[in-house]
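Novice: One structure is given below, represented as structure tokens, and several questions about it will come after.
The values are calculated or read from the model by the stated rules, or taken from the named source; none is laboratory data. As the structure is a prediction and not an experimental result, all values here were calculated from the model. Please note: Cβ atoms are built from the backbone with ideal geometry, for glycine as well, and neighbour counts cover all protein chains shown. Just the protein is used for accessible areas: all its heavy atoms, side chains included, with ligands, DNA and RNA removed. Shrake-Rupley method; radii C 1.70, N 1.55, O 1.52, S 1.80 Å.
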Amino acid sequence: MSFKTPDLCDEFESELGKSVRVVAPMFQRYGGRSSFCGEIVTLKIFEDNSLVREAFGESGKGKVLVIDGGGSLRCALVGDQLAILAAKNGWEGVVVYGCIRDSADINGIDIGVRALDTHPQKSIKKGVGDRNIGVTFGSVTFTPGEWLYADEDGVIVSSKPLL
């Protein structure tokens, strides 16, 4: 599916008004897909990626996982093994308000990834966190069931599908 976030902003700005929201430019690009889009699924976790593995273990066709990791730069929430699992189960992409690791390997996997940065240390595994709740970072609230579009120019969120 081909799109450009600037074109989507221009096309739907007047039609949808504030329902198209632009995420603050804070993310680095990783993964084999430079652009991706899909229905939002959310996780709110902190330095524990147990729920990430659970989510990526399910079918993700047409979906993007948005992880609110509290902006922590102390460990990674997604690594190459989780990215492989996500791609195998059809996830379009993942946005991590936190860090990833194994970035060189992830760059060869057919999935879109946005994250604050990289960190070599893995997270803890206690199974703590929340799923499918609204999460806010980058001046945007990500609500499950809304739509996310990411490309080389940024990340936008819409209450309705734009394509």
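Novice: Name the residue, out of Gly71, Gly62, Gly108, Gly57, that is at pLDDT 95 or above, open to solvent by 10 Å² or more (accessible area, probe 1.4 Å) and closer than 20 Å to Trp147 by Cα.
Specialist: Gly62
Novice: Count, please, the residues in the range 8-46 that happen to be assigned to a loop (DSSP other than H, G, I, E, B) and touching a Leu at 6+ places or on another chain (Cβ under 8 Å).
Specialist: Going through the range 8-46 one residue at a time, the tally reaches 3.
Novice: Could you list all residues from the range 130-154 that are open to solvent by 20 Å² or more (accessible area, probe 1.4 Å) and of a type in the set (Ser, Thr, Tyr)?
Specialist: Correct list: Thr136, Ser139, Thr141, Thr143.
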